[in-house]
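Presented below is the structure to which this report refers.
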C-alpha cells in the first residue's frame, strides 16, 4: 500500500468537508444553489464590446471556476477525480459553457 503524504491527507480531508457541507447539509445545498444561479448559470463568452467583452468573458470564467472547484472537491470525496483542481480554465474551455 502506498503511504499517503500530508498534502494528500489534507486534500482528502478538505474534500470530505466540501462534501459534508455542500452535499449532506441542506443549508450548504441551498447556498450552492444560490452560488450556481448567481455565478455559473449565466456564464458565457461575450462577443460585443472589444476588450470589455474579453474582460467580461474572463470574469464569467472566474465566477464559474469557483463553482466547478466546489463540484470537483465534492466529487473527489466520492472517488470521482474529474481533472486537476489547481488548473484554471483556458479561454478555449469557455466555448463549452
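The values are calculated or read from the model by the stated rules, or taken from the named source; none is laboratory data. Here the structure is a predicted model, which means the values were calculated and not measured. Positions of Cβ are backbone-derived with ideal geometry, glycine not excepted, and every protein chain shown enters the neighbour counts.
For region 71-79, indicate whether the set of residues that are modelled with pLDDT under 85, loosely packed, with under 13 Cβ neighbours inside 10 Å, assigned to a loop (DSSP other than H, G, I, E, B) and touching a helix residue (DSSP H, G or I) at 6+ places or on another chain (Cβ under 8 Å) is non-empty.
No, region 71-79 has no match at all.
Name the residue, out of 11, 16, that is part of a helix (DSSP H, G or I), under 13 Å from residue 76 (Cβ atoms), more than 14 Å from the chain's Cα centre (by Cα) and at pLDDT 95 or above.
Residue meeting the stated conditions: 16.
Just for region 26-70: of the residues that are under 30 Å from residue 12 (Cβ atoms) and not in a helix (DSSP H, G or I), which one is modelled with the highest pLDDT?
Only one residue tops the list, namely 41.
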